[in-house]
Number of protein chains: 2
Amino acid sequence: MDLLQKGWFTEFSPDDLEAIKNEVSGTKQLKSDNVELGGAWPGQAFSLQIEKVLFHEKSKYQDVLVFKSRTYGNVLVLDGIIQCTERDEFSYQEMLTHLPMFAHPNPKKVLIVGGGDGGILREVLKHEVVEQVTMCEIDEMVIEVSKKYLPNMAAQFLHPKLNLVIGDGFKFLAEHKGEYDVIITDSSDPIGPAESLFGKSYYALLNDVLRDGGILSSQAESYWLHLDLISHMIGFTKSIFPTVQYASSPVSTYPSGVMGYLIAAKEARDVSIPARELSDDECEKMGLRYYNSQLHRAAFVLPTFVKKALSVATKLPK
Amino acid sequence: MDLLQKGWFTEFSPDDLEAIKNEVSGTKQLKSDNVELGGAWPGQAFSLQIEKVLFHEKSKYQDVLVFKSRTYGNVLVLDGIIQCTERDEFSYQEMLTHLPMFAHPNPKKVLIVGGGDGGILREVLKHEVVEQVTMCEIDEMVIEVSKKYLPNMAAQFLHPKLNLVIGDGFKFLAEHKGEYDVIITDSSDPIGPAESLFGKSYYALLNDVLRDGGILSSQAESYWLHLDLISHMIGFTKSIFPTVQYASSPVSTYPSGVMGYLIAAKEARDVSIPARELSDDECEKMGLRYYNSQLHRAAFVLPTFVKKALSVATKLPK
């Protein structure tokens, strides 16, 4: 990468990285289509100090890098974008998982699309009510690398309730209609392998694959950076699901420090209210470091500028 | 700065910047005392692309830099640390101001310690109930530079309700006991001019300066980075005030993307409940972009790991 002094990894926005590689200087680079798609955050960059590069290879789908950082533990990077660090991954993994899981009264069959690092799987299996969890990840290298270098995330790949599928999420969904209580889409940004997971046809498919009363959650970007994309996604999901709500949580190493979660349900209900409440003791017993029942509700309370932008989206033609 | 390619400003942790300047390589630099004080975030850095440097001089107290960024508007930097950007300043300014202001039923006299960019002043004056607001800022250059380059923040320096004092906050407080309903400490990090504003003697003084029923808020760092400092501050403020609570909000350009707020009151009460509720229309009329009454409550709901760390702090000897 060699853009910062030796010993630092810098995450640029994909369009800026392209421009830098091509030696386009200053502010002359053009906005790429990806900016509108939500996969870019031009003009800003985040860096972590490297202690040691542990793994760096190209898989069939993407560039896979793992390094040991000085202060954030091991870090997984796909196509130049930080996916998780050992220090703060639990905010993302717990919120993306437990918002739909606790909004559901009885989630027995769960599907994870993506999630190769194993963090979401770890969280899903904390729910004893779960009978089977299927994970459909396209890139086997991410799983293998995570088993080796992110053992706390990839801790449950041998669990007897796990049905692991290496393959394309879209294809898998088309063959499993009406099967799942909860579907969690743990994808990278809408550039590269995950691009199709941000479109309307994907959500139409999810609707078919959920059982009655089913709930889904998806990685849905940061309101600081991608409010237009979020509004757009909420607009088209509302034409498919009777319930669509948006939550967020701070994740310090994601661009802008916030991650958003789109939560939709096949029936009309308020998913900001947990169907199952946890006491402090139960939180402790489940090993929850971020999630609690009060935070479940609070995560859906949005800043005024976000509320306004998303309420406009609800008025989109259905 | 020249550490990133030309045209980017990089905010390093002060101890890392020191180490880089001294060409200490890799992970060999020693943790400075400042790490424990909360003014450091080693091993990580944040960069913004520069369109133009607008101002760069040393004041009596600190290095003052303003640049026009490519995607965050104008940016104020003190001693190498980003203080605010035009794009996301409203989260910090509104939450630090309106949490204590709306927790108070009738805040007539308000004191701002620091706040030279004028953003807190702008927010305080949105409350018509305010009769007088005193601002005590030590560094006049920050005010002058903000008037010129951050006009949306520094919009109210000519307001008739303003009593502007250029001087040391500590000295001012000692001469104004029992005068204020709300005191807002809008300081930089606990390194340099603001260091004394994070200690117990400062809070003892604030207690004397508040009227009965008075409420204070202070910039109180990020729980991702400085949980020890926050626990420590909550520990000693609890020995002074009957009510001490902690809130937070995402601010995308602060280290880790989160800022915390310490809210204390001279009487036993729950400051997470606004004494004055706002409708959506009233929010709009006041020009609030971040704050709303639901968010007031939600800002005090903490992640499990933060709740645990801070509940330990309450057990510190009084």
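The values are calculated or read from the model by the stated rules, or taken from the named source; none is laboratory data. This is a predicted model, so every value here is computed, not measured. Neighbour counts run over all protein chains shown; Cβ positions are idealised from the backbone, glycine included. Heads up: the accessible areas ignore ligands, DNA and RNA and are worked out on the full protein's heavy atoms, side chains in. Shrake-Rupley method; radii C 1.70, N 1.55, O 1.52, S 1.80 Å.
Some notes on this structure:
- Applied to the stretch A:49-63, the Karplus parametrisation 6.51 cos²θ - 1.76 cosθ + 1.60 on θ = phi - 60° returns per-residue 3J(HN,Hα) values of 6, 8, 8, 7, 7, 9, 7, 7, 8, 9, 8, 4, 10, 6, 7 Hz, with x for Gly and Pro.
- Taking the Cα centre of chain B as origin and assigning +1 to Lys and Arg Cβ atoms and -1 to Asp and Glu Cβ atoms, the resulting dipole is close to 500 debye.
- Peptide A:62-70 is shielded by partner chain Cβ atoms: per residue, an average of 1 of them sit within 10 Å of its Cβ.
- Ascending distances from the A:Glu131 label point to its copies in the other chains, with the point 7 Å along the Cα-to-beta-carbon line: 7.0 nm.
- Chain A versus the axis that turns it onto chain B: the residue with the nearest Cβ and the distance in whole Å amount to A:Gly257, 1.
- Convex hull (Cα only) mean projected area of the stretch A:158-251, reported in nm² to one decimal: 7.2
- Ordered from largest to smallest accessible area (heavy atoms of protein chains, 1.4 Å probe), the residues B:Lys285, B:Lys238 come out as B:Lys285, B:Lys238.
- Per-residue [θ]222 nm for chain B (sum of -39500 (n - 2.57) over DSSP H runs n ≥ 4, rounded to 500): -8500 deg cm²/dmol
- Along the stretch A:223-236 the Karplus relation, 6.51 cos²θ - 1.76 cosθ + 1.60 evaluated at θ = phi - 60°, assigns HN-Hα couplings of 5, 5, 10, 9, 4, 5, 4, 5, 4, 4, 5, 5, x, 7 Hz to successive residues, with x for each Gly and Pro.
- Backbone HN-Hα couplings from phi across the stretch B:108-124 [Karplus 6.51/-1.76/1.60, Hz, Gly and Pro as x]: 8, 10, 10, 10, 10, 9, x, x, x, 6, x, x, 5, 4, 3, 6, 4
- Look at where the Cα atoms of the stretch B:229-297 and of the stretch B:162-183 average out, and the two centres are 21 Å apart.
- Stretching A:Lys308 away from A:Asn152 to a fully extended chain increases their span by 52.3 nm, per 0.36 nm per residue minus the current alpha-carbon distance.
- As a ratio to 2.2 N^0.38 Å, the alpha-carbon radius of gyration computed for the stretch A:190-314 takes the value 1.09.
- Across chain B, the relative contact order, built from alpha-carbon pairs under 8 Å that are at least six residues apart, equals 16 percent.
- Rounded tilt (10° steps) of A:304-313 against the dominant C-alpha axis of chain A: 70
- Shortest-first distances to equivalent copies, position A:Ile166, nm, label 7 Å out along Cβ: 6.9
- Options A:Asn163, A:Leu229, A:Pro151, ranked by Cα towards positive dipole end of the stretch A:128-261, top entry (Cβ charges): A:Leu229
- About the Cα centre, charge dipole magnitude for the protein assembly as shown (Lys/Arg +1, Asp/Glu -1 at Cβ), debye: 820
- Distances between every pair of Cα atoms in chain B, grouped in 10 Å steps from 0 to the bin holding the largest one, split as 6, 27, 37, 23, 6, 1 percent.
- Here the spin labels are modelled as points 7 Å beyond Cα on the Cα-Cβ line, and at B:Lys58 and A:Ser59 they lie 5.1 nm apart.
- Unsatisfied cross-links (Cα-Cα over 21 Å) in the set A:Lys58/A:Lys126; B:Lys68/B:Lys285; A:Lys68/A:Lys126; A:Lys60/A:Lys148: A:Lys58/A:Lys126; B:Lys68/B:Lys285; A:Lys68/A:Lys126
- Kirkwood hydrodynamic radius (C-alpha pairs) into Stokes-Einstein, the protein assembly as shown, 10 °C and 1.306 mPa s, D in µm²/s: 63
- Range in chain A, longest, excluding exposed GluC sites (Glu not before Pro) [loop by DSSP; at most 15 other beta-carbon atoms within 10 Å]: A:24-127
- Cβ-based charge dipole, the protein assembly as shown, positive-most Cα from A:Thr85, B:Pro42, B:Tyr290: B:Tyr290
- Note on A:Asp208 and B:Gln132: with the Förster distance fixed at 51 Å, the Cβ-Cβ geometry gives a FRET efficiency of about 0.20.
- Formal net charge of residues neighbouring A:Tyr223 (Cβ-Cβ distance under 13 Å; K, R +1; D, E -1): +1
- Assigned charges on the beta-carbon of Lys, Arg, Asp, Glu; the stretch A:119-273 dipole about Cα centre (debye): 200
- Förster radius 45 Å - calculated FRET efficiency between A:Glu144 and A:Glu277 (Cβ-Cβ, nearest 0.05): 0.75
- R0 of 60 Å, Cβ-Cβ distance A:Glu51-A:Asp270: FRET efficiency to nearest 0.05: 0.85
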